[in-house]
Amino acid sequence: MAMTLDDLQLLLDVVNRGSFSKAAAIRGWSQPMVSQRIAVLEQALGQPLFRRHRRGATPTPACEQFLPAAAAALTALEGGRLAMQGAPALPRIKLSCLPSLTTVVFGPLLLALVDEAFEIRCNTDHSGIIMQELLTGETDVGFILKCPAIAGIQLELLCRSPIIAVACATHPLAGQRGLTLQDIANERLAPQQWGTGCDELILQLRLLRQVASPLHAIQPASAARELALEHGFITLMPALAISRDLEVGRLIQLDVVDLPQDHWDVMMAWRSGKRPNPAKERVLEAARTLARRWSGKSA
């Protein structure tokens, strides 16, 4: 069988999801069908493309070398389709970020770049998936939490945002000084699941808690924010995710003196390339300017 553009898309799907079975599921295929098509690609290219293991599949170095060409072919096809429809032939930049970062990243960046001569497409996913999409060329710039480096992907720290306790301005504890974990332990609590530190804090709070009600940990940041604003919960979350609410006083940072010190490391990631990409460089520049504004609000 000959190699097809659909095979190239399948290759990207397997890389992004790390599994033949997951790539099969999104297409309604069986796992053996995916294995067969990948085998055709491997035969055509003369190189193994994946290392199979119990937890899925990992791209080989040969696969990683081939990925930019596969992504470019699919991008060229999409460009041709747009040209046939009479769409403007503007460069396109694809951005991805964590769902909890959409409010503080996508809106401000689009406002800063609204008059630029390129189009922006936005998507959300987990940090690991975004890193894989950068590798395959499906994303140009990603906004993620600190994660293991991948060869060929540039990482830059944009913001170290502390985890804080917050409540709405009318909450009984708002404005009180010198609060402790004991003071908030029996309140309605719903921390954002920001990382392993969240689980450790919940264990601490559970030991202090004297009421037989659950402690919830939720995602994304918008869900924790709504519980605090509309339903009287105390939440613990990165200050960056609610910086505007803190600025205008919709949410109040609680003065919890023994709150464990934890933070989010917000990173910007992109794939380095041999050819200059002015549109991508403009996005990187705008993101750095945005991060400088963050530093005055969330540090």
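The values are calculated or read from the model by the stated rules, or taken from the named source; none is laboratory data. As the structure is a prediction and not an experimental result, all values here were calculated from the model. Note: ideal-geometry Cβ built from the backbone for every residue, glycine included; neighbour counts use all protein chains shown. Note: accessible area is taken over every heavy atom of the protein model, side chains too, but ligands, DNA and RNA are not part of it. Shrake-Rupley method; radii C 1.70, N 1.55, O 1.52, S 1.80 Å.
Cα convex hull of the chain: how many Å³ per residue?
Numbers: hull volume 50.4 nm³, N = 299.
Roughly 169 Å³ of hull volume per residue.
Magnitude of the Cβ-charge dipole of the range 1-150, K/R +1 and D/E -1, about the Cα centre, nearest 20 debye?
On the way: 13 positive and 13 negative charges, 132 e Å.
Dipole about the Cα centre, nearest 20: 640 debye.
Per residue of the range 155-169, in order, report the coupling 6.51 cos²θ - 1.76 cosθ + 1.60 (Karplus, θ = phi - 60°) as ³J(HN,Hα) in whole Hz, putting x for Gly and Pro.
10, 9, 6, 9, 7, 10, 9, x, 7, 10, 9, 9, 8, 5, 4
For the range 1-54, what number results from the quotient of the Cα radius of gyration and 2.2 N^0.38 Å?
1.02
Tell me the mean residue ellipticity at 222 nm calculated for the chain from its helices only (DSSP H runs of n ≥ 4, each -39500 (n - 2.57), averaged over every residue, nearest 500).
Values: 11 runs with 137 residues, N = 299.
Here the helix-only value at 222 nm equals -14500 deg cm²/dmol.
Using the membrane-span-like helix rule (whole DSSP H runs, Cα extent along the own axis of at least 27 Å, mean Kyte-Doolittle hydropathy at least -0.5), which helices of the chain qualify?
Correct list, ordered by number: 61-84.
Which listed residue (Pro172, Thr124, Val104) has the Cα farthest towards the positive end of the charge dipole for the range 81-188, taking +1 on Lys and Arg C-beta and -1 on Asp and Glu C-beta about the Cα centre?
Pro172
Can you pull the semi-axes for the range 24-72, root of five times each eigenvalue of the Cα gyration tensor, sorted largest first, whole Å?
For the range 24-72, the ellipsoid semi-axes come out as 19, 13, 11 Å.
Rounded if a/c is under 1.5, else prolate if a/b is larger than b/c, else oblate: which is the range 122-229, with a ≥ b ≥ c the root eigenvalues of its Cα gyration tensor? Provide the component values of the computation, followed by the final result.
Working: a/c = 2.66, a/b = 2.39, b/c = 1.11.
Prolate shape, in that a/c is at least 1.5 and a/b is the bigger ratio.
Considering amide H positions built from the backbone, and no H for Pro or chain starts, which residues 5 or more places from Cys159, or on another chain, come under 5 Å of its amide H?
Excluding prolines and chain starts, which carry no amide H, the hits are Val266.
Can you tell which of Gln36, Gln132, Gln219 shows the greatest fluctuation in a Gaussian network model of the chain with Cα springs below 10 Å?
Gln36
Under the 0.36 nm per residue contour assumption, what length would be gained going from the current alpha-carbon distance of Thr60 and Ser295 to full extension?
Result: 80.7 nm gained on full extension.
Hey, which aspartates and glutamates would be in cross-link range of Lys22, C-alpha to C-alpha under 12 Å, not counting anything within fewer than 8 residues on its own chain?
Reachable aspartates and glutamates: Asp13.
How far apart, in nm, are two points set 7 Å out from the Cα along the Cα-to-Cβ line at Glu200 and at Glu226?
Taking the two extended label points, one gets 3.1 nm.
Tell me whether the range 161-212 comes out rounded, prolate or oblate; compute the Cα gyration tensor, take square roots of the eigenvalues as a ≥ b ≥ c, and use a/c under 1.5 as the rounded threshold.
Note, shape of the range 161-212 comes out oblate.
For the residue pair Ser30 and Lys146, what label-to-label distance in nm results when each label sits 7 Å from Cα along the Cα-to-beta-carbon direction?
Inter-label distance under the simple model: 4.7 nm.
For His126 and Ala169, compute 0.36 nm times the residue count separating them, minus their Cα-Cα distance, and round to one decimal in nm.
Extending this stretch completely gives an extra 12.3 nm.
What is the set of long-range amide H partners of Asn123 at a cut-off below 5 Å, with H atoms built 1.01 Å from backbone N?
Correct list: Leu95, Ser96, Cys97.
Only sites in a loop by DSSP and with at most 16 other Cβ atoms within 10 Å count here; which trypsin sites (Lys or Arg not before Pro) in the range 201-299 make the cut?
Here the sparse-neighbourhood loop sites are Arg250, Lys274.
Check which residues have an amide H placed less than 5 Å from Leu179's amide H, if you skip close sequence neighbours.
Asp255, Val257
May I ask you to derive the relative contact order of the range 221-299, considering only C-alpha pairs under 8 Å and at least 6 residues apart, and to give it as an integer percent?
Working: 26 pairs, mean separation 24.8, N = 79.
Rounded, it is 31 percent for the range 221-299.
For the range 42-104, compute Rg over Rh where Rg is the Cα radius of gyration and Rh is the Kirkwood radius from the inverse mean 1/r over Cα pairs.
Numbers: Rg = 17.1 Å, Rh = 15.1 Å.
When Rh is taken as the Kirkwood radius, the ratio is 1.13.
Can you give me the distance in nm between label points at Ser213 and Glu78, each placed 7 Å from the Cα along the Cα-to-Cβ direction?
Once both label points are built, they end up 4.6 nm from each other.
Express the accessible area of the range 148-299 per residue in Å², computed with a 1.4 Å probe while the remaining protein chains stay in the model.
Values: 7910 Å² over 152 residues.
In whole numbers, the range 148-299 has 52 Å² accessible per residue.
Taking 0.36 nm per intervening residue step and subtracting the Cα-Cα distance, what contour gain separates Ser272 from Arg250 on full extension?
Details: separation 22, 0.36 × 22 = 7.92 nm, distance 4.05 nm.
In short, 3.9 nm is gained.
Across every pair of different alpha-carbon atoms, what Kirkwood hydrodynamic radius in Å does the range 227-293 reach? Write down the numbers at each step before the final one.
Details: mean 1/r = 0.0653 Å⁻¹.
Answer for the range 227-293: a Kirkwood hydrodynamic radius of 15.3 Å.
Let me know the volume per residue of the alpha-carbon convex hull for the range 15-162, in Å³.
Given the Cα convex hull of the range 15-162, per-residue volume reads 152 Å³.
Using the alpha carbon gyration tensor of the range 186-299, what are the three equivalent-ellipsoid semi-axes (square root of 5 times each eigenvalue), largest first, in whole Å?
The equivalent ellipsoid of the range 186-299 has semi-axes of 34, 16, 12 Å.
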